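Below: the structure, in structure tokens.
The values are calculated or read from the model by the stated rules, or taken from the named source; none is laboratory data. Nothing here was measured: the structure is a model prediction, and the numbers come from that model. Glycine gets a Cβ as well: all are built from the backbone with ideal geometry, and neighbour counts include every protein chain shown. All accessible areas refer to the heavy atoms of the entire protein, side chains included, with ligands and DNA or RNA removed. Shrake-Rupley method; radii C 1.70, N 1.55, O 1.52, S 1.80 Å.
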Amino acid sequence: MTIDKFNFAGKKAIVRVDFNVPLDENGKITDDTRIRGALPTLKKVLADGGSLIIMSHMGKPKGKVNAKYSLSQIVDAVSEKLGVPVQFASDCAKAGDAAAALKPGEVLLLENLRFYPEEEGKPVGIDKEDPAYEDAKKAMKASQKEFAKTLASYADCYINDAFGTAHRKHASTAVIADYFDADNKMLGYLMEKEVQAVDNILKDIKRPFTAIMGGSKVSTKIGIIENLMDKVDNLILCGGMTYTFAKAQGGKIGNSIVEDDKLDLALDIIAKAKAKGVNLVLGTDCVAADAFSNDAHTQVVPANNIPDGWEGLDAGPETHKAFAAAIEDAKTILWNGPAGVFEFDNFTAGSRAIAEAIAKATKNGAFSLIGGGDSVACINKFGMADQVSYISTGGGALLEAIEGKILPGVAAIKGE
Ligand code: AMP
């Protein structure tokens, strides 16, 4: 079923959202992006004349009640954004009566699902090495099903709109879907958009396709790099990874960040790109600094000839041109990870060159997807969020999807 086709009139919908919003020490929301992201779905249910049971996790309370992570702190904010009063169920597993009493247009927010270990379904208080661990795991899986069944019993239909947790097989993100037939479970609008964005770069690719992977390490991105290698025309590898590649090819990298145990892997990536006809773009020059600091002295040097005592913290001007050449004519673009230590204002130029080239390509009709923590922070820092096609809300979930993994939260509904 799709949310657009479903008529919620007179129905109770249980909706998994990602309201894991950051709070300050007084419990005030410091960034409400995630709440705003779920509004189209929540409003559609109410506009149709349905009632809402909203559920989410917050933080990592590890299966125990912890006031610091109570969703009671966001009731007023959710109510204000939805424009209706929001009731609160202080125990998510004992909300049957409150849910049954809901009338059309009414909203119930459940307490943090992760106050119950059943949500994540991992046995608590027992070590993986313990001989009793396997039995504890089985017992926990059984109680996870019961927990999911209880949540399902509150509603007539189920919507998953929490892309941020779609890569987890939790009670509320996947297991619960077993208790609804195909006509009564669906993805929310935010999930639909995220899934479509991933399809645009993995399935319905318009060429040329340029992927830009940055950040500090090759090791954390290798799954994605390998999956993309079969799909892209241009692959830009930048950021701290540059120096592992430079060293692997015999370069001098001074104090730059490097993964010495990944030198062979770097050579392997270079060879694979060649064999597959992928245009691999690696930094040729860099901005080297004499300390890991915004105020360090700097000089532009070749990325494979960095003086002793200096470290590459950003891409150099020649490299910016190579980035632009590989990005500007692209019709599909994925960007994950900065080209330098963008947190320091003096080392943002490489990431800015990427952002500007992406904006230009997007203006010329390319589909551009920005995702994964730091590149989103980058594009926001440059105030360019409205110049790209789509900014993903899901860090880990997006990266797993791009690696080609099936997301349990999506599979539970679409049956893929
Ligand atoms: P990741 O979490 O692997 O995506 O890496 C993001 C981090 O990589 C950011 O905090 C950047 O500051 C960092 N980074 C990017 N380029 C470099 C570099 N040349 N040296 C050290 N850190 C870098």
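For the range 40-191, take the alpha-carbon Rg, divide it by the Kirkwood Rh, and send me Rg/Rh.
That ratio equals 0.98.
Step through the residues of the range 235-247 one at a time and calculate ³J(HN,Hα) from phi using the Karplus curve (6.51 cos²θ - 1.76 cosθ + 1.60, θ = phi - 60°), rounding each to whole Hz and writing x for Gly and Pro.
3J(HN,Hα) across the range 235-247, in whole Hz: 10, 9, 10, 9, x, x, 4, 3, 7, 5, 5, 5, 5.
Percent relative contact order of the range 53-178, based on C-alpha pairs within less than 8 angstrom and at least six residues apart?
27
Counting other Cβ atoms within 10 Å of each Cβ, which trypsin sites (Lys or Arg not before Pro) in the range 202-257 have at most 12 and sit in a DSSP loop?
Passing both the DSSP loop test and the Cβ count: Lys203.
Run the Debye formula on the Cα coordinates of the range 113-159, all scatterers equal and no solvent, and tell me log10 I(q)/I(0) at q = 0.13 1/Å.
Results for the range 113-159 at q = 0.13 Å⁻¹ read -0.35.
What percent do you get for the relative contact order of the chain when only Cα pairs under 8 Å and 6+ apart count?
15
Averaged across orientations, what area in nm² does the convex hull of the alpha carbons in the chain project?
21.9
Compactness ratio of the range 332-395: Cα Rg over 2.2 N^0.38 Å, N = residue count?
Rg over 2.2 N^0.38 Å, computed on Cα atoms: 1.00.
Report, in deg cm²/dmol and to the nearest 500, the calculated mean residue ellipticity at 222 nm for the chain, where each DSSP H run with n ≥ 4 adds -39500 (n - 2.57) and the sum is divided by the residue count.
For the chain, the value works out to -10500 deg cm²/dmol.
Please work out, to two decimal places, the log10 of the ratio I(q)/I(0) at q = 0.14, 0.16, 0.26 Å⁻¹ from a Debye calculation in which every Cα of the range 44-120 carries one identical scatterer.
Each listed q maps to, in turn, -0.45, -0.57, -1.19.
Scaled to the compact-protein estimate 2.2 N^0.38 Å, what is the alpha-carbon radius of gyration of the range 192-235, rounded to two decimal places?
1.22
Can you list the HN-Hα couplings for the range 293-305, worked out from phi with the Karplus curve (6.51, -1.76, 1.60; θ = phi - 60°), rounded to whole Hz and with x for Gly and Pro?
7, 5, 9, 5, 6, 10, 8, 8, 9, x, 5, 10, 8
Using amide H atoms built 1.01 Å from N in the peptide plane, name the residues 5+ places from His170, or on other chains, whose amide H lies under 5 Å from its own.
For His170, whose amide H was placed from the backbone, the distant partners under 5 Å are Val175.
Determine which lysines satisfy two conditions relative to Lys44: a Cα distance under 17 Å, and not lying fewer than 8 residues away in the same chain.
Partners found: Lys5, Lys11, Lys12, Lys81, Lys103, Lys185, Lys193.
When N is the residue count of the range 282-377, what does its C-alpha Rg come to as a fraction of 2.2 N^0.38 Å?
1.12
Using only the alpha-carbon atoms, what does the range 1-84 span along each of its principal axes? Please give whole angstrom values in decreasing order.
Cα spread of the range 1-84 along its principal axes, largest to smallest: 41, 26, 18 Å.
Determine the share of the chain's accessible area contributed by carbon and sulfur atoms, expressed in whole percent, with a 1.4 angstrom probe.
That fraction is 49 percent.
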